[in-house]
Amino acid sequence: IEISKIRLEMEDTELVNRDSILLTVSPGKLIVDSFNLYYKDSSALADASIYYDGNVEGRVRLSNLSLNDILKAINPKADVEGALSANADVRGTMARPQFSAKLDTSGLAYKDFKDDISLDLSYLDRNLNMKFLVTGDSGVILQADGRADADLDLNNLGENIKKASFNLTISSSGVDLSPLTSISSEIDKSSGLLILDVKASGSFDNPSATG
């Protein structure tokens with residue numbers, strides 16, 4: 001099945017595809033090929049194979065999505081500048097998923113905060129890895145690295161998360177506290193740098209931390 005034209009209208013935003021989207025139904029799987037939607041210089045691209053035995057293989061690419069448009073869908077009063085790009089690859093089953101994902105912002109600004117963030121996540125064979133960065137003009141401002149031994153069986157996720165063991169490190173050479181006054185009217189004045197060096201480990205239902 002070839003879908004040559006899609007048009008989605010959301011308030012003042014119109015999403016359209018530029019290339020044909022292909023949908024293939026076969027005896028063993030359903031294939032979605034070349035899914036694409038564009039709005040100005042923003043895009044959402046995806047391919048997926050959904051097997052009837054429960055396996056899934058999928059890829060999603062998001063590029064230059066307006067953070068303000070995304071957040072206004074949740075909070076109409078949101079006023080955030082910047083763009084979001086993300087890549088995600090997913091495969092496996094509900095009981096044994098595998099995935100990797102990367103998220104980055106560019107030009108992020110909320111009131112007096114003007115730093116970008118990036119997040120990397122991956123999961124394979126019980127190994128869950130995470131890296132989170134906040135970067136500014138001077139380089140890395142805050143970094144968090146985490147690893148967990150976890151069974152992410154989606155059929156019993158709640159109990160499995162409680163049993164998962166993890167290690168987490170958060171460090172910062174200095175987070176500027178002066179922009180806090182622009183966020184809360186209860187803070188008259190703020191200054192200085194927040195220095196962090198925190199280590200946490202254990203299980204999610206019995207964690208411990210030092211720092």
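With respect to D104, is the statement that it is assigned to a strand (DSSP E or B) and among the acidic types (D, E) true? It is true that D104 is assigned to a strand (DSSP E or B) and among the acidic types (D, E).
No other residue among I74, I50 is within 30 Å of E9 (Cα to Cα), modelled with pLDDT of 85 or more and either of a type in the set (A, V, I, L, M) or surrounded by 15 or more Cβ atoms within 10 Å (Cβ to Cβ) (or both) apart from I50.
Conditions (1) open to solvent by less than 60 Å² (accessible area, probe 1.4 Å); (2) among the charged types (D, E, K, R); (3) modelled with pLDDT under 85, marked per residue:
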residue: F166; (1), (2), (3): yes, no, no
residue: T169; (1), (2), (3): yes, no, no
residue: D176; (1), (2), (3): no, yes, yes
residue: P179; (1), (2), (3): yes, no, yes
residue: S182; (1), (2), (3): yes, no, yes
residue: G192; (1), (2), (3): yes, no, yes
residue: V198; (1), (2), (3): yes, no, no
residue: G202; (1), (2), (3): yes, no, no
residue: S208; (1), (2), (3): no, no, no
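E57 falls short of the stated requirement of being among the charged types (D, E, K, R) and open to solvent by 90 Å² or more (accessible area, probe 1.4 Å).
What do you reckon, is K111 open to solvent by 70 Å² or more (accessible area, probe 1.4 Å) and under 30 Å from I141 (Cβ atoms)? Explain how you work it out, then say what you get.
Numbers: open to solvent by 70 Å² or more (accessible area, probe 1.4 Å): yes; under 30 Å from I141 (Cβ atoms): yes.
In short, yes.
Answer yes if at least one residue in the range 84-97 is in contact with a helix residue (DSSP H, G or I) (Cβ under 7 Å, 6 or more places away or on another chain), touching a residue at least 60 places away in the same chain (Cβ under 8 Å) and assigned to a strand (DSSP E or B), and no otherwise. No, the range 84-97 contains no residue that is in contact with a helix residue (DSSP H, G or I) (Cβ under 7 Å, 6 or more places away or on another chain), touching a residue at least 60 places away in the same chain (Cβ under 8 Å) and assigned to a strand (DSSP E or B).
Among the residues making up the range 91-108, those that are within 22 Å of D47 (Cα to Cα), of a type outside the set (G, A, S) and open to solvent by less than 70 Å² (accessible area, probe 1.4 Å) are T93, P97, Q98, F99, L103, D104.
Contact annotation: residue pairs with Cβ atoms under 7 Å, 6 or more positions apart or on different chains, pairing a residue in the range 127-141 that is among the hydroxyl-bearing types (S, T, Y) with a partner that is surrounded by 16 or more Cβ atoms within 10 Å (Cβ to Cβ) and at pLDDT 80 or above, are T135/D115; T135/D116; T135/I141.
Of all residues in the range 119-141, which are among the β-branched types (V, I, T) and open to solvent by less than 60 Å² (accessible area, probe 1.4 Å)? Quick ask: steps written out before the conclusion?
Of all residues in the range 119-141, those among the β-branched types (V, I, T) come to 134-135, 140-141.
V134, T135, I141 - these are the residues of the range 119-141 that are among the β-branched types (V, I, T) and open to solvent by less than 60 Å² (accessible area, probe 1.4 Å).
The values are calculated or read from the model by the stated rules, or taken from the named source; none is laboratory data. Remember, predicted model here, so these are calculated numbers, not experimental data. Cβ: placed from backbone, ideal geometry, glycine included. Neighbour counts: every protein chain shown. Quick note on the areas: whole protein, heavy atoms, side chains included, nothing else; ligands and nucleic acids left out. Shrake-Rupley method; radii C 1.70, N 1.55, O 1.52, S 1.80 Å.
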